[in-house]
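Here's the structure, in structure tokens; my notes come after.
Please treat every number below as a calculation from the coordinates, not as lab data. Please read these numbers as outputs of a predicted model, since none were measured by experiment. Cβ: placed from backbone, ideal geometry, glycine included. Neighbour counts: every protein chain shown.
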Amino acid sequence: SVNLHGRKTGEYTIPVHANLPKGWKLLEVRPQVVSIKIEPIESRSFIATLIVPEGGRMESPIPLQCNVQGPSSTVKQVRAVTGFVNNENAGPADVRLIPVDRDGLPVPGAAVFPEWVRIDTFGAQESSLEQAED
């Protein structure tokens, strides 16, 4: 185990301690130390962008505000929140919202709330958007 009590934001190298039950003998601890980074949790608001495949169409989608939360350095990498709409079938579909960086790649460690939205398509001319139930 490592003791993080009293540590503030920053980077640390901390010794690893082993607590064994009575009667056990400690031969070695590996690793002897670990490097950790403590940083605050941050939350930022975004308007989600739904991406429709070529040939697909959404008329007047409703802007959906979402929050991205995670370690400060991770949240700072997020440039947008996107959802890819599979419009193979008309009707309701759940779309997962994904935090992406400036290159459009997913940002691991960043959580989006809500994570899913439900989109109802009524043919090529109409659509509506709402938060999906968990």
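The GluC sites (Glu not before Pro) of the stretch 11-49 meeting both criteria, a DSSP state outside H, G, I, E and B (loop) and at most 14 other C-beta atoms within 10 angstrom of the site's C-beta, are Glu28.
Here the residues Lys76, Lys25, ranked from fewest to most Cβ neighbours within 10 Å of their Cβ, fall in the order Lys25, Lys76. As a rough footprinting exposure proxy, the listed residues Lys22, Lys8, Lys37 were ranked by other beta carbons within 10 Å of their own, and the order from fewest upward is Lys22, Lys8, Lys37.
Note on Arg118 and Leu20: the extension gain reaches 30.2 nm, defined as 0.36 nm multiplied by sequence separation minus the Cα-Cα distance.
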